Amino acid sequence: MIIDLDAHQGNGHETDFSNDSRVYILDMFNPGIYPLDYEARRYIDQKVEVVSGTRTHEYLQKLDEALEVAAHAFDPELIIYNAGTDILDGDPLGRLKVILS
């Protein structure tokens, strides 16, 4: 299982594992920023889109819901977690407004 919380769509691993049913991809990303790879989006098992300006509470609520769904949808032997810091408020590329407290 790949849990990708980087603000950018993980099109590299989506393409790499496009035909591998052993890999479940949960990608939480801003759909309005680079790379805009619509072909690779087809390979995301669980797509969670967070638009520019999404704030901490909404982001965490969507993440909690997504993890609950993933827990019931797939039984992984290994979890790879991509924790991108570009979700943080002030990052000009991620365009989200998540604040650490």
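Structure notes:
- Ordered by 1.4 Å accessible area with all protein chains kept, Leu5, Leu100 run largest first as Leu100, Leu5.
- Highest GNM mean-square fluctuation among Ile44, Ile87, Ile79, for the chain modelled with Cα contacts below 10 Å: Ile79.
- Per residue, the chain reaches -8000 deg cm²/dmol at 222 nm when only DSSP H runs of four or more residues are counted, each adding -39500 (n - 2.57).
- Probe 1.4 Å, protein heavy atoms only - accessible area per residue of the chain in square angstrom: 61 Å²
- For the set Leu60, Leu96, the ranking by accessible area, highest first and with no ligand, DNA or RNA atoms included, is Leu60, Leu96 under a 1.4 Å probe.
- Relative contact order for region 2-82: 36 percent, from Cα pairs under 8 Å spaced at least 6 residues apart, divided by residue count.
- Residues Arg42 and Ala83, FRET efficiency given R0 of 22 Å [Cβ-Cβ distance, rounded to 0.05]: 0.35
- Available extension along the chain between Glu49 and His72 is 6.3 nm, counting 0.36 nm per residue and deducting the alpha carbon span.
- Residue list for region 38-58, given a label point 7 angstrom along the Cα-to-Cβ vector of Asp20 and an amide N cut-off under 20 Å: 39-47
- Charge-dipole axis of the chain as Lys and Arg at +1 and Asp and Glu at -1 on Cβ define it, positive-most pick from Leu5, Gly53, Ser101: Gly53
- With all protein chains modelled, accessible area of Ile2 [1.4 Å, Å²]: 10 Å²
- Accessible-area composition of the chain, carbon plus sulfur, in percent [1.4 Å probe]: 53 percent
- For Tyr38, net neighbour charge (Lys/Arg +1, Asp/Glu -1) across residues whose Cβ lies under 14 Å away: -2
- Gap separating the Cα centres of region 22-57 and region 67-101, nearest whole Å: 10 Å
- Relative compactness, the chain, computed as alpha-carbon Rg over 2.2 N^0.38 Å: 1.03
- This model, with +1 at the C-beta of Lys and Arg and -1 at the C-beta of Asp and Glu, gives region 2-82 a dipole about its Cα centre of some 200 debye.
The values are calculated or read from the model by the stated rules, or taken from the named source; none is laboratory data. Note that the structure is predicted; figures quoted are calculated from it, not measured. So basically every Cβ, Gly included, is an ideal-geometry build from the backbone, and we count neighbours across all protein chains shown. For the accessible areas, the whole protein counts, side chains as well, though only heavy atoms, and no ligand, DNA or RNA atoms are used. Shrake-Rupley method; radii C 1.70, N 1.55, O 1.52, S 1.80 Å.
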